[in-house]
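Visitor: Sharing a structure below in structure tokens format, with a few things to ask.
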Amino acid sequence: MQNILPAGAPRFAQTNTSNLVDAYKWTELDGKSGLAFFTLYSGITDRAQPCESLKANTAFCLGLDAPRVLISSQQLDVFRHGQEPEQEDNRRGIRGAYLVSTTVELAPQASRHWQIVANVEQSQSEVVELRRQLGHPAEVAEAIDRSVNQGTDMLARIMATADGYQATAEENVTVHHYANVLFNVLRGGIFDDQYNVSSWDFACTIEQFNRDVFQRNHDLLRGLPDKLTFGELLATVKQQGDAQLERLCHEYLPIRFGRRHGDPSRPWNQFEIKLHDDDGNRLLSYEGNWRDIFQNWEALAFSYPEFVENIIAKFVNASTIDGYNPYRITKEVIDWEVEEPDDPWSYIGYWGDHQIIYLQKLLELSRQFHPTQLSDLLRQPIFSYANVPYRIRPFEALLENPKTTVDFESGLAEEIERRVAEIGADGKLVLDANGAVYQVNLLEKLLVPLLSKLGNLVIDGGIWLNTQRPEWNDANNALVGQGLSMVTLYYMRRYVSFLQQLLATESGQIELSIEVNEWLAATATALNKARPLLGEGSISASQRYDSLRELGQAASRHREVVYRQNSFSGKVTQAFDPIMAMLEDALAAIDHSIANNRREDGLYHAYNLLNLQQEGVDIETLYPMLEGQVAALSSGAVSPAESVTVLEALFDS
């Protein structure tokens, strides 16, 4: 092993000023045991104060008889030229290594086995104990085998609880399934103990989220048995009659063994699964970017269907008053991006990453396993809104510059942090006039993301991406956040159809926030006005633009009001019939757009007519001209020189 980092090497310094870090490196070998220590001579700092380095990374070898050990790479050429390298006792100011050199004689069919073992961040007492143990190398080797076997067994049990094992007629199918489940678990985690819940962890979670809720339910939480099923916990919480406690219980997920992940180039892509907290207690924890973690949990829900409604609650409770979702979700809190000018990975805006389809799949799983559960939750005010300090600009500003559309409210961000310090992680949610978390029913939480997408519907075009971030599938197709997404529109069709089925048996009235109800009514009016235009072919460009404008302004007015209030003004009752009528009109517009985007080859396309309309281009005249020019090019009827002229005319247009 070469270039072994010392313990305590600062990641930023190692990445950006590695030569500076090299100057602090101190590598030492204990010749008797063959144990090497990789340390810093002192902590790396420019401050005028002492900074000791008190931990070491270590390496040792088992299975060879008294090999020569090199703790740098400086003698590699000596070995390559057939000479005997000399053992090194210490090296300073250069990169450390652990290389062993020996001569082995093997009889035919014989074998010899050895291993090099490395460990990180060991204290002085741990190093002293390890050196003592290496006085009995056979016992150390046996202990390592036991540890590996124990870890293998633990992983096998984790995989079994996630249904990772199956037997099929094709071995490659079996292996592929195992690999998929393994990767899913290593990212999204696994439920800790089937459907059993640790009352200690649940109580700690409640205290972390809302200290007021914890205090007024202190006796109940401390009186719970150490272990109980989640069903027993939820029944007990409901008897307490505290809607805030019930909200937190409904979204509680006793998950462990997960980690945040991303593309290899992402700065946070570190393979680190935390199993214990700083005090050595078993740690229940999860962390992931929005798209990643709900993708993992969707698959996990097949193995743990009794928790699917908890996953849905976690999803909708973290969505915003304007219908979007935060960037990252953890067991402790939600996060959003903050722009840092010197960091190319930082930017603000809402990722639409499969927001509709991920929620849709979770809803379908709930109905598959628990046919009546969603209907029972529709009217219960036990769900919340995330308070993300982003502000999408008014509709007219989106038209003016569709590439710069989201502002970061630093003052609100500071206020949110103050609230978090005061009450807990619930400080990142929308609060009511009394300072409690504002709670709504499930139907409202299902309507708001749909209304936000309908507010960007370009009939016959797709969903306008104008929050500075793309859908992932659209990003693959080079729509970086300013085009029209047909992918999102397809997802919406499935979502709207599901809501129609879900609400088909509902009657009477339901409570909605005043501002959401007004948004719903304005959207319904715009869709109903566009409904008669949906004939056999595409609607005209002016009709398309007028429809977008009315839908977009409805969403814009909603944002203006709730941004100003940073909450809602109250609730009203609404009958189901107008909601069903809005869904029917929305489905008609969606189906019309899908049909008119289907090409002769069976694929789909979407033209970004919005910008052309803004620039005053007569689309009705331009479109046939473009089609004629493209047809001439593809037919081969023009020469290469003429092709250039035609292409230049196209670009000019």
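The values are calculated or read from the model by the stated rules, or taken from the named source; none is laboratory data. Remember, it's a predicted structure, so these values are computed and weren't measured experimentally. Counting neighbours? That spans all protein chains shown, and the Cβs are built from the backbone with ideal geometry, glycine included. What goes into the accessible areas is simple: the full protein's heavy atoms, side chains included, and nothing from ligands, DNA or RNA. Shrake-Rupley method; radii C 1.70, N 1.55, O 1.52, S 1.80 Å.
Visitor: Between helix 514-530 and the chain, what is the angle of the helix's C-alpha long axis to the longest principal axis, kept within 0 to 90° and rounded to the nearest 10?
Guide: The angle comes out near 60 degrees.
Visitor: So what's the angle, to the nearest 10 degrees on a 0 to 90 scale, between helix 230-240 and the longest Cα principal axis of the chain?
Guide: Between helix and principal axis, roughly 60 degrees.
Visitor: While we're looking at this one, here's another question. Specify whether the C-alpha gyration tensor of segment 540-594 places it in the rounded, prolate or oblate class, a ≥ b ≥ c being the square roots of the eigenvalues: rounded for a/c under 1.5, otherwise prolate if a/b is larger than b/c and oblate if not. Write out the running numbers ahead of the final one.
Guide: Working: a/c = 3.50, a/b = 1.40, b/c = 2.51.
It is oblate, given that a/c is not under 1.5 and a/b is not larger than b/c.
Visitor: So for segment 490-578, averaging the separation of alpha carbon pairs under 8 Å that are six or more residues apart and normalising by length, what relative contact order in percent results? Let's see the in-between values first.
Guide: Numbers: 60 pairs, mean separation 49.1, N = 89.
Value for segment 490-578: 55 percent.
Visitor: How many nm is it between the label spots at PHE12 and TYR195, if each spot is 7 Å from the Cα in line with the beta carbon?
Guide: Distance between label points: 4.8 nm.
Visitor: Also, I was wondering about something else. Any idea what the relative contact order of the chain is, in percent, if you count C-alpha pairs under 8 Å spaced at least 6 apart?
Guide: Working: 1002 pairs, mean separation 56.5, N = 653.
Normalised by residue count, the contact order of the chain is 9 percent.
Visitor: Along Cα→Cβ, 7 Å out, is where each label goes; now give me the distance between the ones at LYS32 and ARG549 in nm to one decimal.
Guide: 8.9 nm
Visitor: Accessible area of segment 388-427 with a 1.4 Å probe: how many percent of it is carbon plus sulfur?
Guide: On the way: 870 of 1840 Å².
Accessible surface attributable to carbon and sulfur in segment 388-427 totals 47 percent.
Visitor: DSSP loop (so not H, G, I, E, B), at most 15 other Cβ within 10 Å: list which GluC sites (Glu not before Pro) in segment 75-170 pass both filters.
Guide: On the way: sites: GLU86, GLU88, GLU105, GLU121, GLU126, GLU129, GLU139, GLU142, GLU170; in loops: GLU86, GLU88, GLU105, GLU170.
Answer by residue number: GLU86, GLU105, GLU170.
Visitor: Sticking with this structure for a sec: From the P(r) of segment 378-448, can you give the percent of Cα pairs sitting at distances over 14 Å? Show your work: numbers first, answer last.
Guide: On the way: 1680 of 2485 pairs.
Cα-Cα pairs in segment 378-448 separated by more than 14 Å: 68 percent.
Visitor: Output the pairs from LYS227/LYS331; LYS453/LYS529; LYS238/LYS571; LYS238/LYS274; LYS314/LYS453 with a Cα-Cα distance over 25 Å in this structure; if there are none, say none.
Guide: Distance filter (> 25 Å) returns LYS238/LYS274.
Visitor: Give the shape of segment 272-332 as rounded, prolate or oblate, defined through the alpha-carbon gyration tensor: a ≥ b ≥ c are the square roots of its eigenvalues, a/c under 1.5 means rounded, and otherwise the shape is prolate if a/b is larger than b/c and oblate if not.
Guide: On the way: a/c = 2.17, a/b = 1.43, b/c = 1.52.
Cα axes put segment 272-332 in the oblate bin.
Visitor: Then there is this: Pull up all non-local amide H partners of LEU35: gap of 5 or more, or a different chain, and H-to-H distance under 5 Å with H placed in the peptide plane.
Guide: Excluding prolines and chain starts, which carry no amide H, the hits are ASP30.
Visitor: Moving to a separate point now. Express the accessible area of segment 354-415 per residue in Å², computed with a 1.4 Å probe while the remaining protein chains stay in the model.
Guide: On the way: 2440 Å² over 62 residues.
Heavy-atom SASA per residue in segment 354-415 reads 39 Å².
Visitor: Also, quick follow-up: Compute and list, largest first, the equivalent-ellipsoid semi-axes of segment 1-93 from the alpha carbon gyration tensor, each √(5λ) rounded to a whole angstrom. Show your work: numbers first, answer last.
Guide: Details: eigenvalues 154, 47, 22 Å².
Largest first, segment 1-93 gives 28, 15, 10 Å.
Visitor: OK, next. Cβ under 14 Å from GLY535's Cβ, GLY535 left aside: what net charge do those residues give with Lys, Arg +1 and Asp, Glu -1? All intermediate terms of the calculation are to be shown ahead of the outcome.
Guide: Values: positive: ARG531, ARG544; negative: ASP460, GLU536, ASP591.
Overall, the nearby charge balance is -1.
Visitor: In a solvent-free Debye calculation with one equal scatterer on each Cα, what is log10 I(q)/I(0) for segment 228-334 at q = 0.13, 0.14, 0.24 Å⁻¹, listed in the order of the q values?
Guide: Taken in order of the listed q values, log10 I(q)/I(0) reads -0.56, -0.65, -1.42.
Visitor: Would you calculate the volume per residue, in Å³, of the smallest convex hull containing every Cα atom of segment 139-296? All intermediate terms of the calculation are to be shown ahead of the outcome.
Guide: Values: hull volume 28.8 nm³, N = 158.
Looking at segment 139-296, the number lands at 183 Å³ per residue.
Visitor: Related question: Tell me the carbon and sulfur percent of the accessible area for segment 503-559, rounded to whole percent, probe radius 1.4 Å.
Guide: Working: 1150 of 2550 Å².
Answer for segment 503-559 is 45 percent, counting heavy atoms of protein chains only.
Visitor: Highest mean first, what order results for 282-293, 10-21 on Cβ atoms within 10 Å?
Guide: Numbers: 282-293: 20.8, 10-21: 12.0.
Ranking the peptides 282-293, 10-21 by packing returns 282-293, 10-21.
Visitor: As a test of the formula, what do you get for the chain when each DSSP H run with n ≥ 4 contributes -39,500 (n - 2.57) and the sum is divided by the residue count, at 222 nm and rounded to the nearest 500 deg cm²/dmol? Please report the intermediate quantities before stating the final value.
Guide: Working: 26 runs with 311 residues, N = 653.
Helix contribution divided over all residues of the chain: -15000 deg cm²/dmol.
Visitor: How compact is the chain by the rule of thumb for globular proteins, expressed as Cα Rg over 2.2 N^0.38 Å?
Guide: In units of the 2.2 N^0.38 Å rule of thumb, it is 1.19.
Visitor: Could you pull out every one of the aspartates and glutamates with an alpha carbon less than 18 Å from that of LYS55, ignoring same-chain neighbours closer than 8 positions?
Guide: Leaving aside aspartates and glutamates fewer than 8 places away in the same chain, those within reach of LYS55 are ASP22, GLU28, ASP30, GLU121, GLU126, GLU129, ASP278.
Visitor: Return the Rg/Rh ratio of segment 362-517 with Cα-based radii and a Kirkwood Rh. Please report the intermediate quantities before stating the final value.
Guide: Values: Rg = 18.1 Å, Rh = 18.1 Å.
Ratio of gyration radius to Kirkwood radius for segment 362-517: 1.00.
Visitor: What is segment 327-379 by shape, rounded, prolate or oblate, if you read a ≥ b ≥ c off the alpha carbon gyration tensor as root eigenvalues and call it rounded for a/c under 1.5, prolate for a/b larger than b/c, and oblate otherwise? Provide the component values of the computation, followed by the final result.
Guide: Details: a/c = 3.89, a/b = 2.80, b/c = 1.39.
Prolate.
Visitor: Binned at 10 Å from 0, what are the whole-percent values of the Cα-Cα distance distribution for segment 53-208, short to long?
Guide: Calculated over all Cα pairs of segment 53-208, the distribution is 8, 21, 23, 24, 17, 6, 1 percent.
Visitor: Using the basic label-point model (7 angstrom from Cα toward the beta carbon), what is the GLU339 to ALA66 distance in nanometres?
Guide: 6.8 nm
Visitor: Can you tell me the accessible area per residue over segment 204-313, all protein chains present, probe 1.4 angstrom, in square angstrom? Working shown, then result.
Guide: Values: 5010 Å² over 110 residues.
Counting only protein heavy atoms, the per-residue value for segment 204-313 is 46 Å².
Visitor: Determine the share of segment 127-260's accessible area contributed by carbon and sulfur atoms, expressed in whole percent, with a 1.4 angstrom probe.
Guide: On the way: 3740 of 7180 Å².
Exposed carbon and sulfur together represent 52 percent of the surface.
Visitor: Could you rank HIS113, HIS136, HIS218, HIS592 by how accessible they are, 1.4 Å probe, largest area first? Intermediate results must be reported in sequence, preceding the final value.
Guide: Details: HIS113 140, HIS136 95, HIS218 70, HIS592 15 Å².
So the residues, ranked largest to smallest area, are HIS113, HIS136, HIS218, HIS592.
Visitor: Given a Förster radius of 45 Å and the C-beta distance between ALA160 and MET580 as r, what FRET efficiency does 1/(1 + (r/R0)^6) yield to the nearest 0.05?
Guide: In this case the efficiency is close to 0.50.
Visitor: What relative contact order, as a whole-number percentage, does segment 333-436 give when Cα pairs under 8 Å and 6 or more residues apart are counted?
Guide: Values: 74 pairs, mean separation 24.2, N = 104.
In percent, rounded to a whole number, it is 23.
Visitor: Going by alpha carbons, how many degrees (0 to 90, nearest 10) lie between the helix axis of 124-133 and the longest principal axis of the chain?
Guide: Result, in degrees: 60.
Visitor: Kindly provide log₁₀ I(q)/I(0) values, in the same order as q = 0.13, 0.31 Å⁻¹, from the Debye equation applied to equal alpha-carbon scatterers of segment 19-66.
Guide: -0.40, -1.16
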